[in-house]
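One structure is given here, and the rest of the page talks about it.
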Amino acid sequence: MSPFCLIYEKSCHLPVEVEYKAYWAVKKCNSGFGGAGIERKMQLQELECLRLEAYENSRLYKKKVKAVHDKNIKRREFRDGDLLLLYNSRLRLMPDKLRSRWEGPYRVEMAEPYGVFHLSHPSSPIFFKVNGHRLKLYHGEKMKNNKELEIFLLKDPATE
């Protein structure tokens, strides 16, 4: 008797034996391994073909989506001397909901490649660089500053 059998009063079956017995049973039942091996190779080749087809379909889909996206992008070309509005991305931290996120107008002094613009405010001679995605063309004559805009919004038109 084994020490395991003396302590637990059961016989011990190790996983190695079970695995060996299962392999022996498979070997005894399936005597034709040659046909099974060929069939498995065919399944692996078919799986590889399906994988390559999925990659190709994914590549074509991404190409079409990129073409649609690029078609919908608006080209922003500003010339020297144009008046532009600048988007203030830091304003979202402030609680004023009715405050405009666009500041300006600013004048384009110089345009660099890849959408970089040198802007200056009409009241100051200081230049600064801005990404073209934060700009839009200004169509108005004269824009109110933020203080005048806040006073206008706080007035109640019913009292006047």
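The values are calculated or read from the model by the stated rules, or taken from the named source; none is laboratory data. Everything numeric in this text was worked out from a predicted model, so none of it was measured. Backbone-built Cβ (ideal geometry, glycine too); neighbour counts: all protein chains shown.
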Practice task
Given the conditions (1) modelled with pLDDT of 75 or more; (2) surrounded by 10 or more Cβ atoms within 10 Å (Cβ to Cβ), report the number of the one that Asn146 does not fulfil.
Solution key: (1)
Exercise for the section: Can you confirm whether the range 47-66 contains a residue that is modelled with pLDDT of 85 or more, of a type in the set (Ser, Thr, Tyr), outside any helix (DSSP H, G or I) and surrounded by 10 or more Cβ atoms within 10 Å (Cβ to Cβ)? Expected result: no
